[in-house]
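To start, I am sharing the structure in question, which I have written as structure tokens.
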Amino acid sequence: MGALCWHFYRVFRLVTIPASSAPELPSDVQSALAARMGPELYARRLAIQHQIEVDPESDEAGPVNVQRMVRRMRVLSGFLHAVGVAGWGRRNMLAVRREENVLRLRGLPAPFRGKKLLHLGDLHADIDPGIIPAVIQAIGDWEYDAVVLTGDYRAHTRHEWNEALKLCGNLARTLLPEVPKFATLGNHDPLEMVPGLEALGWRVLLNEAVPWKLDGAELWIAGVDDDHTYHTADIRRASAAIPAGACTLLLSHTPSTFQEAADAGFAGMLSGHTHGGQMCLPGGIPMLNNARAPRKFISGPWEHQGMAGYTTRGAGACRVPARFFCPPEVTRHTLEGP
């Protein structure tokens with residue numbers, strides 16, 4: 001009964017949000033974004049963004065109160081300082097690891113075999129000035145043929161985002177300029193960031209798909225909007241332009257879309273959002289799972305109904321600038337056939 005009451009309350013809150021929640025973007029930019037994402041989902045996302053901005057007691061995702069979470073994170077941060085481990089946690093956060101993974105995609109065209117994808121997720125660039133330099137250092141002299149970014153460029157879910165965009169610009173200038181770059185938004189990223197991110201050369205996929213073309217062959221890269229806070233992922237819309245029989249790779253901020261992706265026939269899926277738990281027990285055992293997915297999807301490689309997947313632990317940190325027994329990562333996927 002309690003869950004049912006919460007569901008009706010949540011629906012009531014969403015449908016009664018004021019309509020004046022449009023971002024401060026030119027009308028032609030708003031229209032273009034709405035057409036790309038889907039008008040109804042675009043309006044829904046703006047409404048929830050507006051509610052989170054204006055109401056400090058608003059819910060971020062289901063029965064999770066943002067303000068209460070922030071208070072708890074402040075308490076946790078104070079506790080880490082009080083017991084003398086905050087510095088250790090920050091050092092862990094800035095020790096970004098390189099991870100290598102073989103992503104086996106059924107139907108992968110021959111020209112893409114052996115090609116490498118640099119996967120960056122959950123930068124949360126403005127939580128600490130050391131994040132982006134640490135990521136740049138970790139990438140180092142790696143060679144790669146494309147870049148995918150699976151969202152959460154900003155540290156917080158409300159208010160200012162220009163600093164995060166500026167820091168992402170610092171990262172963008174270090175990435176190989178000649179390779180394609182595909183991105184999605186996360187639950188921390190407002191729609192207002194899309195023009196700025198795309199000005200960096202990052203093609204943000206808003207329930208869209210585009211082909212990565214190589215030597216006459218195509219690998220279709222689809223991306224859906226956030227399914228955690230905004231519930232605006234539309235895999236059917238993202239798949240609409242993909243030719244029948246094409247090899248497809250889905251970018252989804254959260255792994256919660258795994259079943260829909262498998263049902264839609266995607267060969268692979270790349271995600272983030274979970275941070276691998278961020279603060280884990282020794283051995284990397286996560287204490288919390290903040291994704292609507294089984295624990296096998298929280299971190300690292302996985303497989304589901306013939307679809308190959310990977311969930312990055314992320315390069316940054318959320319809420320508290322610390323990590324324990326869960327190192328941050330940048331990932332390079334080598335594409336191969338099954």
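When the residues of the range 323-338 are narrowed to those that are of a type outside the set (Asp, Glu) and more than 19 Å from the chain's Cα centre (by Cα), which ends up nearest to Arg98 (Cα to Cα)?
Result: Thr334.
Next question, about the same structure. Residue by residue through the range 114-133, note down the ones that are in contact with a Pro (Cβ under 8 Å, 6 or more places away or on another chain) and either within 26 Å of Leu214 (Cβ to Cβ) or assigned to a helix (DSSP H, G or I) (or both). Break it down into steps so the answer makes sense when it comes.
Here is the first cut: in the range 114-133, the ones in contact with a Pro (Cβ under 8 Å, 6 or more places away or on another chain) are 127-128.
Residue satisfying the conditions is Ile127 alone.
The conditions are (1) touching a helix residue (DSSP H, G or I) at 6+ places or on another chain (Cβ under 7 Å); (2) assigned to a loop (DSSP other than H, G, I, E, B), and Phe258 fails exactly one of them. Which is it?
For Phe258, the exception is condition (2).
Pull out all pairs, ordered by first then second residue, where Cβ-Cβ is under 9 Å, the residues are six or more apart or on different chains, the first lies in the range 321-338 and is farther than 20 Å from Gly130 by Cβ and basic (Lys, Arg), and the second is buried (at least 22 other Cβ atoms within 10 Å of the Cβ) and at pLDDT 95 or above.
Filtered contacts from the range 321-338: Arg332/Leu117; Arg332/His119.
Take the residues of the range 296-336 that are modelled with pLDDT of 95 or more and among the small types (Gly, Ala, Ser): which is surrounded by the fewest Cβ atoms within 10 Å (Cβ to Cβ)?
Looking at the filtered set, the residue picked out is Gly306.
Please work out if Asn101 is more than 30 Å from Glu218 (Cα to Cα), of a type outside the set (Gly, Ala, Ser) and surrounded by fewer than 23 Cβ atoms within 10 Å (Cβ to Cβ). Explain how you work it out, then say what you get.
Numbers: more than 30 Å from Glu218 (Cα to Cα): no; of a type outside the set (Gly, Ala, Ser): yes; surrounded by fewer than 23 Cβ atoms within 10 Å (Cβ to Cβ): yes.
Considered against the rule, which asks whether it is more than 30 Å from Glu218 (Cα to Cα), of a type outside the set (Gly, Ala, Ser) and surrounded by fewer than 23 Cβ atoms within 10 Å (Cβ to Cβ), Asn101 comes out as no.
Also, quick follow-up: Name, by its number, the condition in (1) farther than 22 Å from Leu270 by Cα; (2) among the acidic types (Asp, Glu); (3) within 17 Å of the chain's Cα centre (by Cα) that does not hold for Asp152.
Going through the list (1) farther than 22 Å from Leu270 by Cα; (2) among the acidic types (Asp, Glu); (3) within 17 Å of the chain's Cα centre (by Cα), Asp152 breaks only (1).
Looking only at the range 273-290, how many residues end up being in a loop (DSSP other than H, G, I, E, B) and surrounded by fewer than 23 Cβ atoms within 10 Å (Cβ to Cβ)?
The qualifying residues number 7.
Go through (1) within 15 Å of the chain's Cα centre (by Cα); (2) open to solvent by 20 Å² or more (accessible area, probe 1.4 Å); (3) of a type in the set (Asp, Glu) one by one and return the number of the condition Asp263 breaks.
Among (1) within 15 Å of the chain's Cα centre (by Cα); (2) open to solvent by 20 Å² or more (accessible area, probe 1.4 Å); (3) of a type in the set (Asp, Glu), Asp263 violates only (1).
Within the range 160-176, is there a residue that is of a type in the set (Asp, Glu) and either within 25 Å of Thr311 (Cβ to Cβ) or touching a Phe, Trp or Tyr at 6+ places or on another chain (Cβ under 7 Å) (or both)?
At the first step, the residues of the range 160-176 found to be of a type in the set (Asp, Glu) are 160, 163.
Retained after the next criterion (residues that are either within 25 Å of Thr311 (Cβ to Cβ) or touching a Phe, Trp or Tyr at 6+ places or on another chain (Cβ under 7 Å) (or both)): none.
Within the range 160-176, not a single residue is of a type in the set (Asp, Glu) and either within 25 Å of Thr311 (Cβ to Cβ) or touching a Phe, Trp or Tyr at 6+ places or on another chain (Cβ under 7 Å) (or both).
Here's a follow-up. With (1) over 20 Å from Glu100 (Cβ atoms); (2) without any contact (Cβ under 8 Å) to a residue 60 or more places away in the chain; (3) open to solvent by less than 10 Å² (accessible area, probe 1.4 Å) as the list, and His124 as the residue in question, which single condition is left unmet?
(2)
Considering each residue of the range 87-118, count those that are touching a Ser or Thr at 6+ places or on another chain (Cβ under 7 Å) and farther than 19 Å from Leu149 by Cα, and give that number.
Of the residues in the range 87-118, 1 are touching a Ser or Thr at 6+ places or on another chain (Cβ under 7 Å) and farther than 19 Å from Leu149 by Cα.
Might you let me know whether the range 139-152 holds any residue that is open to solvent by 10 Å² or more (accessible area, probe 1.4 Å), polar (S, T, N, Q) and either touching a Gly at 6+ places or on another chain (Cβ under 6 Å) or touching a residue at least 24 places away in the same chain (Cβ under 8 Å) (or both)?
Scanning the range 139-152 turns up no residue that is open to solvent by 10 Å² or more (accessible area, probe 1.4 Å), polar (S, T, N, Q) and either touching a Gly at 6+ places or on another chain (Cβ under 6 Å) or touching a residue at least 24 places away in the same chain (Cβ under 8 Å) (or both).
The values are calculated or read from the model by the stated rules, or taken from the named source; none is laboratory data. Here the structure is a predicted model, which is why all the values come from computation and not from measurement. Reconstructed Cβ throughout: ideal geometry from the backbone, glycine too, with neighbour counts over all protein chains shown. We work out accessible area using only protein heavy atoms, side chains counted, and drop any ligands, DNA or RNA first. Shrake-Rupley method; radii C 1.70, N 1.55, O 1.52, S 1.80 Å.
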